1. Specify the residue that is nearest to the other protein chains (Cβ to nearest Cβ); the eligible residues are those in region B:47-57 that are near ligand 2 (Cβ under 10 Å from one of its atoms) and either under 25 Å from A:P34 (Cβ atoms) or touching a Gly at 6+ places or on another chain (Cβ under 9 Å) (or both).
2. Look at region A:1-25 and say how many of its residues are of a type in the set (S, T, N, Q) and out of contact with any strand residue (DSSP E or B) (no Cβ under 8 Å at 6 or more places or on another chain).
3. When you go through (1) of a type in the set (K, R); (2) open to solvent by 30 Å² or more (accessible area, probe 1.4 Å); (3) farther than 19 Å from A:L9 by Cβ one by one for A:R120, which number turns out not to apply?
4. Could you check B:L69 against (1) under 14 Å from B:F27 (Cβ atoms); (2) within 14 Å of chain A (Cβ to nearest Cβ); (3) open to solvent by less than 30 Å² (accessible area, probe 1.4 Å); (4) touching a residue at least 12 places away in the same chain (Cβ under 8 Å) and say which number it fails?
5. Let me spell it out: the conditions are (1) crowded, with 20+ Cβ neighbours inside 10 Å; (2) touching a strand residue (DSSP E or B) at 6+ places or on another chain (Cβ under 6 Å), and A:Y272 meets all of them except one. Which number is the exception?
6. So if I check each of B:E59, B:E54, which one is within 22 Å of A:L54 (Cα to Cα), surrounded by 13 or more Cβ atoms within 10 Å (Cβ to Cβ), among the acidic types (D, E) and without any contact (Cβ under 8 Å) to a residue 60 or more places away in the chain?
7. Under 6 Å between Cβ atoms, which residue pairs at least 6 apart in sequence (or on different chains) link something in region A:366-377 that is facing another protein chain (nearest Cβ under 7 Å) with a partner that is assigned to a helix (DSSP H, G or I)?
8. With over 20 Å from the mean Cα position of the chain (by Cα) and either at pLDDT below 95 or loosely packed, with under 14 Cβ neighbours inside 10 Å (or both) as the only criterion, which of A:A55, A:A80 stands out?
Amino acid sequence: MVGASLAGLLTARALRGQGFQERIVVVGAERHRPYDRPPLSKDFLKGAIGEADLALEAEGEEPGIEWRLGVAATALDAPARKITLGDGTTLTADGIVIATGAAARRLPGTGGLAGVHTLRTLDDARALRADLERAGRIVVIGGGFIGAEVAATARELGRDVTLVESGPAPLAGVLGPAMAHALAGLHERRGVRLITGAHVTEVTGTGRADGVRLADGSHLPADVVVAGIGATPCTGWLAGSGVELGDGVLCDEGGGTSVPGIVAVGDCAAWYEPALGRHHRIEHWTGARQRAAVAAATLLSGGTARPEPARPPYFWSDQYDVKIQFIGHAGDADTVTVEEGDPATHSFLAVYRRGERPVAVLGVNQVRLFTRWRRHLETTPAHTG
Amino acid sequence: MIPACPLASLPRGEALRLDVDPPIAVFHTDDGDLYAIDDTCTHQDASLADGWLEGCEVECPLHASRFDLRTGQVDAPPAKRPVRTHRVVVEDDVVYVVPSDAPPNLPPGVTLKGQA
Ligand SMILES: Cc1cc2nc3c(=O)[nH]c(=O)nc-3n(C[C@H](O)[C@H](O)[C@H](O)COP(=O)(O)OP(=O)(O)OC[C@H]3O[C@@H](n4cnc5c(N)ncnc54)[C@H](O)[C@@H]3O)c2cc1C
Ligand code: FES
């Protein structure tokens, strides 16, 4: 098993739960036992919870796993199922689970500059938290989930925050422009300066960042710059291995890769989705959670297990005191209607439809109603057209 | 014993949240059984009465950990600790809850109102 985070831990557990009793070795590049990433941009960054609260393993849990932490896999010989590690040692296995997740994309040309952050790991979050303590002005580049959440948290900590987004509104990519606009007001109401349709050309400063330059020539002064510009799957170590790659490790609908005896799951994996007719990489918590058991079954059955149809992707995001929940694919919809509440009050539920058929639902502070809709979408079989 | 509601007002498949401290959720399963557990998820501040009831389990509405209504045990992260279970009594078609005297497993940052 390569990758010691959510997907790795849950697949190891699922293997045990499905009766596998042989040795399981989990190799992880980070020094830490599996921990929960979502709070890194929210309660952990805010200081509301500590590191112990992030642990994914329950106290006293012992699923019989050998951990090899603080060392990365550097190469795979797929036909021989042999993994080479950064310390020069090798491991040979009957089955391999690839769960190496994704890494934050960095802004080009900011390598040597202090005060420029990305946020993916516990170490990133510690460094950002420490820097935020000293900073007055924060510029967040990128209005995806991580950018929007970091902006919200920094604002709640009383900092002066500017959020720079290249699209028409934060989260426009996943929520579609109409609903993203409705939510953009949230940031402005809380005092975050929002600049949309803007491209960053440069982070300025010598030794330490002192601001951000935009394509129109304007300059935004900053003590801390956070780049939330997406993540790329950690598949570099698989180059030339024989495992087929695309945007992530390409898998069938049960998580099997192009090589028998090797499965992939979590943020690094693009599973084939029959309803979409293509491979799709899901970068959300529940994606890893739902698919771990499927990947384990695929591995143990040698690929003959027939997976249940995948549930539509579900994710959540917390910004300020607002809980955002979303299920489905907004891109499939041709209409969006608000069915409950009012976007202006930041408590509403919107249904995305293709023709008559609901294909996605957005809930904003509507937890109970959202659960009903989620159930509806998850239990109604998806079909395209 | 805390009176919850008339049995007739809690149909099968539904849940009710009691505003005691900490809040308690009462579930009426599709099979007709009644269970009571602490309403607050042990992971974060979510109301389990808003969750998805399936068989004898409720799935947390936020991050999908599932709790067994009979034992309070949780199946998988992000929640790690069980919820408290309470006894349910039906007398004269009224549902009552007998609160447990074990300490609750509240999520980080949530405290009893009496001791904020
Ligand atoms: C700040 C932040 C906030 C988030 N918030 C939300 C949210 O609100 N809602 C939501 O649904 N999702 C959220 N997510 C996404 C969610 O955390 C991920 O979907 C989840 O972590 C995926 O798990 P994973 O195990 O596939 O990958 P990861 O958690 O990325 O773990 C992969 C592990 O593999 C290790 N690794 C990489 N390469 C190698 C190698 N060559 N050898 C050995 N080990 C290697 C990495 O170091 C890492 O520890 C958030 C993510 C972040 C970073
Ligand atoms: S709040 Fe229940 S699982 Fe997170």
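The values are calculated or read from the model by the stated rules, or taken from the named source; none is laboratory data. None of these values were measured; they are calculated from a predicted model. Positions of Cβ are backbone-derived with ideal geometry, glycine not excepted, and every protein chain shown enters the neighbour counts. Remember, those area values only see protein heavy atoms, side chains included, never the ligands or the DNA or RNA. Shrake-Rupley method; radii C 1.70, N 1.55, O 1.52, S 1.80 Å.
1. Filtering first and then ranking leaves B:G51.
2. Residues meeting the conditions: 2.
3. A:R120 satisfies all of (1) of a type in the set (K, R); (2) open to solvent by 30 Å² or more (accessible area, probe 1.4 Å); (3) farther than 19 Å from A:L9 by Cβ except (3).
4. (2)
5. Just one mismatch for A:Y272, condition (1).
6. B:E59
7. The qualifying pairs are A:V367/B:D50; A:R368/B:D50; A:T371/B:D50.
8. Working: A:A55 fails: over 20 Å from the mean Cα position of the chain (by Cα).
Residue meeting the stated conditions: A:A80.
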